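The values are calculated or read from the model by the stated rules, or taken from the named source; none is laboratory data. The model shown is predicted, which means the values in this text are computed figures rather than measured ones. Cβ placement follows ideal geometry from the backbone for every residue including glycine, while neighbour counts extend to all protein chains displayed.
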Amino acid sequence: MPPRGKRPPPPKTGGTSGVALAALTLAALVLGAASIFFLHGGGGGSGSAAVQQEEAQAAAAALTPEETAARFVADLLKQHRVMIFSKSYCPYSMRGKDVMRRLAVSEAVHVLELDQLEAGQPEMGLVQDELARITGARTVPRIFVDGQFIGGADDVTAKEQSGELAALLTGRGLLRQA
């Protein structure tokens, strides 16, 4: 909730999906319900109603779609040692995935097909915007090892041919054993 006397910024138009709009509406309803609950003495605890209300608002505050995409990408990079952002139909993505699946231990490789994101996941364009912010490009594939961006298909192919990719994977305990 914005401070008194200040209006919230107008909603963005043109890029918000129905799912994102529904999530924001739900967050606003939860925030409103939490405010009423705490203003009328609900919630128990030892803090004052005002402190409890602020805590509830902070916990229920909705992230922007861009912040949601950034958190989504960051979480994936933390969870998976080899993370490949791909598109299922892209020949460059296919080549990058082939190289990484051939050299890295299979349990470590995780692929996210951006063209097959599920409901509740950020929109493909927002994920690619976040990838552009952290890697300098929004093309696919975007390949990471232990959270470090190592390149796209041409980059990993060149690193495979030079032996640099095998050395990187060996140093991190990720090289597939023949």
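Things to note:
- Residue that is nearest to V156 (Cα to Cα) [pool: residues in the stretch 77-121 that are in a helix (DSSP H, G or I) and in contact with a Phe, Trp or Tyr (Cβ under 8 Å, 6 or more places away or on another chain)]: L77
- Test: residue in the stretch 161-178 that is farther than 12 Å from M100 by Cβ, part of a loop (DSSP other than H, G, I, E, B) and among the aliphatic types (A, V, I, L, M): yes
- Comparison of R133, R95, R142, R138 shows that the only residue that is in the same structural domain as R71 (by TED's automatic domain parsing), in contact (Cβ under 8 Å) with a residue 24 or more places away in the chain, within 19 Å of D75 (Cα to Cα) and surrounded by fewer than 20 Cβ atoms within 10 Å (Cβ to Cβ) is R133.
- Screening A49, A74, A61 for residues that are surrounded by 13 or more Cβ atoms within 10 Å (Cβ to Cβ), farther than 30 Å from Q161 by Cα and either of a type in the set (A, V, I, L, M) or at pLDDT below 95 (or both) leaves exactly one candidate, A49.
- Scanning the stretch 170-178 for any residue that is surrounded by 13 or more Cβ atoms within 10 Å (Cβ to Cβ) and without any contact (Cβ under 8 Å) to a residue 60 or more places away in the chain turns up nothing.
- Test: residue in the stretch 106-118 that is surrounded by 13 or more Cβ atoms within 10 Å (Cβ to Cβ) and farther than 24 Å from E67 by Cα: yes
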